[in-house]
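Asks: Below is the structure I would like to discuss, written out as structure tokens.
The values are calculated or read from the model by the stated rules, or taken from the named source; none is laboratory data. This is a predicted model, so every value here is computed, not measured. Every residue, glycine as well, gets a Cβ built from its backbone with ideal geometry; the counts of neighbours run over all protein chains shown.
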Amino acid sequence: MLRLLSFLLFVALASGCGRPFYNPLARVVNGEDAVPYSWPWQISLQYEKNGTFYHTCGGSLIAPDWVLTAGHCVSSSLTYQVVLGEYNRAEEEGPEQVIPINAEDLFVHPRWNSNCVACGNDIALIKLSRSAQLGDEVQLACLPPAGDILPNETPCYISGWGRLYTGGPLPDKLQQALLPVVDYEHCSSLDWWGFSVRTTMVCAGGDTQSGCNGDSGGPLNCPAADGSWQVHGVTSFVSSRGCNTLKKPTVFTRVSAFEDWINETIASH
């Protein structure tokens, strides 16, 4: 285990994880077009139907051959591919890396229950069939320290190709939106999410900007003290009343609560 952690730290330091070559500005609902390749760990998870692959979820590249996403994004009955270096899904722009996924390389948290998203543990790992080629457009995400809790109103960004509004279209270009963190004390208030959120989750947003269908599994990108970005959340769920419902912020799986499982899964596969 120590050897693995040392290796992952070496990879992170060598690649400058969390430091985009193209600086992001500050759809995701009421978001904006992201600067191309400014979230270079963002991936598109796609499933195959009748010989064609379709975007279904986002995810984050956390090691050259590992992607972090949501448990509800993967199913053993489907065939997947991961696209790295993607920006405009309607065009082939050059940096894209399309990597097939073997069925046996989907690892969903053992306590994930598809019938109870509010029970938590909505997290999964995908092992790529070959390693990503890192560069300006494809980089590794940094993960936060284990157990790390973000203060209220930390200015984080969600990114993804989710619907532009409830029931709306999927965008071609990667979207981003500023979602300030809502701490557990506020988010678990009865007039907010109440008992539907747990301490292993992160809430962010809660007004005009939010995640939506298709953003699932993607990152909540938050600034670190050293100027890098860390993926603190995996997009999990929004309100059934609409993606940007007041006092119903987007809910993310809190990555820092699952780092033991992440490290153990990677070490054993």
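Asks: Given Arg198, Arg254, which one is within 30 Å of Tyr22 (Cβ to Cβ) and at pLDDT 95 or above?
Replies: Result: Arg254 is the single residue among Arg198, Arg254 that is within 30 Å of Tyr22 (Cβ to Cβ) and at pLDDT 95 or above.
Asks: Would you confirm, using the coordinates I've provided, whether Ala132 is surrounded by fewer than 17 Cβ atoms within 10 Å (Cβ to Cβ), in a loop (DSSP other than H, G, I, E, B), at negative phi and hydrophobic (A, V, I, L, M, F, W, C)?
Replies: No: the conditions fail for Ala132.
Asks: Can we say Gly147 is crowded, with 18+ Cβ neighbours inside 10 Å and at positive phi?
Replies: no
Asks: Quick check on segment 155-175: of everything there that is crowded, with 24+ Cβ neighbours inside 10 Å and farther than 18 Å from Ala224 by Cα, which residue is nearest to the chain's Cα centre (by Cα)?
Replies: The qualifying residue nearest to the chain's Cα centre (by Cα) is Gly160.
Asks: Can you confirm whether Asn263 is modelled with pLDDT under 90 and polar (S, T, N, Q)?
Replies: Spelling it out, it is not the case that Asn263 is modelled with pLDDT under 90 and polar (S, T, N, Q).
Asks: Moving on to the next point. Looking only at residues in segment 201-212 that are under 13 Å from the mean Cα position of the chain (by Cα) and modelled with pLDDT under 95, which one is surrounded by the most Cβ atoms within 10 Å (Cβ to Cβ)?
Replies: Here the residue is Gly211.
Residues are listed down the side, and each one gets a yes or a no for (1) at pLDDT below 95; (2) aromatic (Phe, Trp, Tyr):
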{"position": "Trp66", "(1), (2)": "no, yes"}
{"position": "Ser76", "(1), (2)": "yes, no"}
{"position": "Leu84", "(1), (2)": "no, no"}
{"position": "Glu92", "(1), (2)": "yes, no"}
{"position": "Asp105", "(1), (2)": "no, no"}
{"position": "Ser114", "(1), (2)": "yes, no"}
{"position": "Val117", "(1), (2)": "yes, no"}
{"position": "Ser129", "(1), (2)": "no, no"}
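Asks: Kindly indicate which of Asn244, Asn221 is crowded, with 23+ Cβ neighbours inside 10 Å and within 13 Å of the chain's Cα centre (by Cα).
Replies: Within the list Asn244, Asn221, the selection yields Asn221.
Asks: Mind checking which residues of segment 92-126 are closer than 21 Å to Asn263 by Cα and of a type in the set (Gly, Ala, Ser)?
Replies: Ala103, Gly120, Ala124
Asks: Would you confirm whether any residue within segment 237-247 is in a strand (DSSP E or B) and touching a helix residue (DSSP H, G or I) at 6+ places or on another chain (Cβ under 9 Å)?
Replies: For segment 237-247, residues in a strand (DSSP E or B) and touching a helix residue (DSSP H, G or I) at 6+ places or on another chain (Cβ under 9 Å): present.
Asks: In segment 49-108, what residues are within 20 Å of Asn213 (Cα to Cα) and among the small types (Gly, Ala, Ser)?
Replies: Gly58, Gly59, Ser60, Ala70, Gly71, Ser75, Ala90
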